[in-house]
1. With N set to the number of residues, divide the alpha-carbon radius of gyration of segment 341-440 by 2.2 N^0.38 Å and report two decimals.
2. Pull up the cross-link candidates among the lysines for Lys167, meaning alpha carbon to alpha carbon under 26 Å and not fewer than 8 places away within one chain.
3. In a Gaussian network model over the chain where Cα atoms closer than 10 Å are linked, find which of Leu418, Leu200, Leu375 has the largest mean-square fluctuation.
4. Any chance you could list the semi-axes, whole Å, largest first, of the equivalent ellipsoid that the Cα gyration tensor gives for the chain, using √(5λ)?
5. Connecting C-alpha atoms closer than 10 Å in a GNM of the chain, tell me which of Gln404, Gln56, Gln111 has the biggest fluctuation.
6. Cut-off under 19 Å on the C-alpha distance; same-chain residues fewer than 8 positions from Lys433 excluded. Which lysines are left, in chain and number order?
7. Please identify, among Phe400, Phe101, Phe364, the residue showing maximal mean-square fluctuation in a Gaussian network model of the chain using a 10 angstrom Cα cutoff.
8. State, in angstrom, two size descriptors of segment 277-431 derived from its alpha carbons: Rg to one decimal place and Dmax to the nearest whole number.
Amino acid sequence: MKQRAAGVAVAMAAGLMAAGAGAADLEQVYRDALTYDATLAGARASLEAGREKLPQGRAGLLPSVNLTGNSNWNQVDVNHFNRTGNYNSNGWQVQLTQPLFRWQNWVQYKQGEMQVALSEAQYQLARQDLTLRAAQGYFDVLVAQDVLAAATALHEANTQQLALGKKSFEVGTVTITDVHEAQSRADLSSAQMIAAESDLAVKRHALLVLTGKEPDALKGLRKGVALSRPEPADIQSWVASAETGSYAVQAAQIGREISDREVERNRSAHLPTVDLVASYGNAVGSTAAVSPSPIRTDTDSTVVGVQLALPLFQGGAVNSRVREAAALRDKASADLDNARRTAAQNARQAYLGVSSGLAQVKAFEAAQVSSRSALDANKLGYEVGVRINIDVLNAQSQLFDTLQKLSKARYDTLLAQLKLKAAAGTLGDDDIKAINALLD
C-alpha cells in the first residue's frame with residue numbers, strides 16, 4: 001500500500017509539473033467545447049433552419065411565375081354531320097401572379113421576422129448552457145483532483161501514524177487498541193483514495209465527452225486569490241434583469257408575439273384577396289372535326305387583369321383555426337409567465353449561492369488554519385504522552401474534510417457567479433476570460 005501511495009504521489013507531482021509547463025485552462029476548454037459539443041452543433045443547425053423562415057415569409061409578397069404546357073390527341077365525332085375528325089393539339093402558357101392584397105401573407109412575413117429572432121434567442125440560450133457545462137466540467141475535474149490530493153495526503157499521514165503506533169506498541173507505550181485504530185483509519189483512507197481516483201477518471205471522461213480532448217493537466221486557482229462579490233450587490237436588481245434579459249424569457253416573449261400574429265393570420269382568411277394576373281400563351285389545334293377541309297390553327301394570347309377572390313364559407317374550418325390559435329396564444333402567455341418566474345428564481349438562487357459561497361470560503365479558510373494547528377498540537381501531544389493515537393487520527397481526518405469542502409466551496413462560488421450572469425442573460429466570453437485570469 002505504501003508503494004501505491006508513493007506511486008500516486010509521484011503521478012500527482014508529475015501532473016503539477018505538466019500544469020506549470022503547458023496545462024489547459026478554462027478558456028481553452030471552452031473553445032474546444034464550442035467546436036465539438038453535439039448539443040451546440042444541433043442548436044447551430046436549428047438557428048440556420050430558423051433563419052430560412054424570413055425568405056419563406058417574404059416569398060408570399062413577391063410575384064410567382066408558372067409555366068404550363070399540354071399536348072393532346074383528339075378524336076371528335078360530330079353526329080349531326082356524320083363526320084369524324086382526328087388531330088393533335090398542343091399549347092403552353094406562362095402566368096405571373098403578383099399579390100396586391102393578401103393580409104395573411106403579410107402577417108406570415110412578419111412572423112418570419114419573429115421566428116428568426118426566436119431562433120437567435122434559442123441559440124444564445126444553448127450557448128450559455130454550453131458555457132455553464134464547460135465550466136462545470138472543468139471545475140468538477142479540479143475538485144476531483146483536490147480531493148485525490150487530500151485523500152493521498154491523508155492516507156500517507158495515516159500510514160505514518162500506523163507505523164508509529166506499531167513501534168510504540170512494541171516498546172509498550174501504547175495499547176493494541178491504538179494500533180487497531182490506526183490500521184482502521186489507514187484502510188479507510190486507502191478506500192477513500194481509490195474512490196477519489198475513480199471519481200477523477202469519471203470527471204475527466206465527462207470533460208472528454210464535452211470537448212473531444214482530455215488534457216494532461218488543468219490549471220487551478222492561484223493561491224490566495226480573492227473571489228469577487230456580485231456587482232451590483234443587490235439581489236432585486238439581478239432578479240429584475242433576469243425577468244427581462246434572460247434568453248429564456250426573450251424566447252418566450254417572442255413566442256407570445258408569434259402566437260398573437262397567428263391568431264391574426266387565421267382571422268384574415270375571412271378577408272378578400274386581390275392579385276394582379278398576367279399571362280401569355282400559345283395554342284395549336286385544327287378544325288378537322290367541323291370542316292371538310294381541315295385548317296391548322298395557331299393562336300397567341302396575352303391576358304392582363306386583376307383577380308378578386310372572396311371566401312364565403314369553408315365548412316367552419318377558418319373559425320376553428322382561429323379558436324385553436326387563440327388557445328395556443330393563451331398557452332404562450334402562460335409559458336412566458338413561467339419563464340419569468342423561473343428566471344427570477346434562478347437569479348435569486350445564483351445570487352445567494354455566490355453570497356453563501358463567499359462566506360463558506362472564508363469560514364473554511366479559517367477552519368483550514370485551525371485544523372492544521374489542531375493537528376500539529378495533537379501530534380506534539382501524542383509525542384509527549386498527553387494525547388492518544390485516536391486524537392491524531394481525528395485531527396488528520398478533520399483537516400482532510402476541511403480541505404475537500406474548501407475546494408468545493410471555491411469552485412461552486414465561481415460557478416454560481418456564471419449562473420447569475422446566465423440568469424440575467426449577460427453571460428459571455430468575457431466572463432470566461434475573467435475567471436480564467438484567476439487560474440495559475
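Values in this text are rule-based calculations from the coordinates and carry no lab data. Remember, it's a predicted structure, so these values are computed and weren't measured experimentally. Virtual Cβ from ideal backbone geometry, glycine too; neighbours counted across all protein chains shown.
1. Working: Rg = 19.2 Å, N = 100, 2.2 N^0.38 = 12.7 Å.
Segment 341-440 yields a ratio of 1.52.
2. List returned: Lys2, Lys379.
3. Of the options given, Leu375 has the highest mean-square fluctuation.
4. Details: eigenvalues 1279, 136, 61 Å².
So the equivalent ellipsoid measures 80, 26, 17 Å along its semi-axes.
5. Its mean-square fluctuation being the largest, the pick is Gln56.
6. Reachable lysines: Lys219, Lys223, Lys419, Lys421.
7. The residue that fluctuates most here is Phe101.
8. Values for segment 277-431 (Cα only, Rg and Dmax): 41.5, 138 Å.
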